[in-house]
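The values are calculated or read from the model by the stated rules, or taken from the named source; none is laboratory data. These figures come from a predicted structure and were not determined experimentally. As a convention, Cβ positions derive from the backbone with ideal geometry for all residues, glycine included, and neighbour counts pool all protein chains shown.
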Amino acid sequence: MVADFSRVLAGPYCTMLLADLGADVIKVESPHGDDTRQWLPPVDGDGVGTYYLSVNRNKRSVALDLTDPADAEVARELAKRADVLVHNLRPGGMARFGLGYEDVAELNPGVVYCSISGFGPDATLPGYDLLVQALSGMMSLTGSPDGPPYRAGVAVIDVMTGLHASTGILAALHHRDVTGEGQHVETNLLSAALSSLVNQTSAYVAGGVVPHRMGNEHLSLYPYEPMATGDGELIIAVGNDRQFRRLTKALTVPELADDPRFASMAARNANRGELRPLLLARLSTNSAQEWFRILTDADVPCGPINDVRQGVDLATELGLEPVADAGGVPTVRNPLTLSATPTRHDLAPPALDEHGAEIRAWLKS
């Protein structure tokens, strides 16, 4: 059983993934409920915020006021019985209620206790995704070179931190299966952000280069960006010299692949200002959809810029079945496919304290 004391996104996303994989997740909420219950609009047909719905399927809800001694005792009993406890209160927040790692480990030595914070165990800064996108350097990389920095269109740091947390929990559970020992799993938004910036942070720590905004261009690949056609833009993503040769052949300018200025990725990066107009001149002769067909047939990675509806529709056309039913609520299917233990989408995201009575009765049994 997973005792989920987290709220908003990073923690709830982590625990939802565990629930999809079969865990019994008990979502502990304050009497006011998870913050995202009030993050409106948009809402579904029943007026429930779709933000909350996106990360809380397959869970049961109990409302506990941890400042109330009786409810705090219920929370401690829940922690005592848990295989996993997850929280994302500020450092020291759980200890105020006798629910810090040392407290819970004393009651439950085999517990896997996961703490998610904004900036690590010694910092009390509030951990909001937007702040970490700014403080980590991510926003400095997003947007036009001559424009302001932008946040990503989704709370990517929260999501990636939730993924790291779930991986750590699964590793700790495996260790417990082997040794019988529980342990404290810790992660934070800033560390997850720096890890997830991958080649960009590597450019600095390994190469001494501070990356900068390049709009939709890529620091190390070219062409790898939206490119204007005769009607609309098309993403062209050339990752190696073979793909570039196929691109030039499909564009009927095969000589460009043998031009020393463009024959290698390093050369194309150095001479992209000379290459770009030559490619755009050819792309202007057909629409984006026509080039999408021609380049796809030539095995050149490319695609139109879809909106979210079109992205879901594409996944549907490809047979990925992106939408599942979670207790009558449409939800985006878990992206994992496991042949022996398939993911589940059984329970709708719970109403506040929907399962409070049954959980309290179970803890008294």
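Test Thr142 against the criterion of being in the same structural domain as Ser117 (by TED's automatic domain parsing) and surrounded by fewer than 19 Cβ atoms within 10 Å (Cβ to Cβ), and give yes or no.
When the stated conditions are applied, Thr142 passes them.
When you scan the stretch 287-307, how many residues do you find that are surrounded by 14 or more Cβ atoms within 10 Å (Cβ to Cβ) and under 30 Å from Gly153 (Cα atoms)?
Residues that pass the stated criteria total 11.
Among the numbered criteria (1) touching a helix residue (DSSP H, G or I) at 6+ places or on another chain (Cβ under 7 Å); (2) at pLDDT below 95, which single criterion is violated by Gln289?
Failed condition: (1).
For Leu363, work out the one condition from (1) free of Cβ contacts under 8 Å to residues at least 40 places away in the same chain; (2) part of a helix (DSSP H, G or I); (3) in contact with a Leu (Cβ under 7 Å, 6 or more places away or on another chain) it doesn't fulfil.
(1)
Considering only the stretch 122-136, how many residues are within 21 Å of Ala203 (Cα to Cα) and surrounded by fewer than 19 Cβ atoms within 10 Å (Cβ to Cβ)?
Adding up the residues that qualify gives 2.
Residues in the stretch 208-219: is at least one at pLDDT 95 or above and not in a loop (DSSP other than H, G, I, E, B)?
no
Just to verify a result, which residue in the stretch 49-70, among those that are over 30 Å from Asp325 (Cβ atoms) and surrounded by fewer than 19 Cβ atoms within 10 Å (Cβ to Cβ), is nearest to the chain's Cα centre (by Cα)?
Among those that are over 30 Å from Asp325 (Cβ atoms) and surrounded by fewer than 19 Cβ atoms within 10 Å (Cβ to Cβ), it is Asp65.
So which residues in the stretch 179-218 are charged (D, E, K, R), farther than 15 Å from Ser136 by Cβ and surrounded by 13 or more Cβ atoms within 10 Å (Cβ to Cβ)?
Glu186, Glu217
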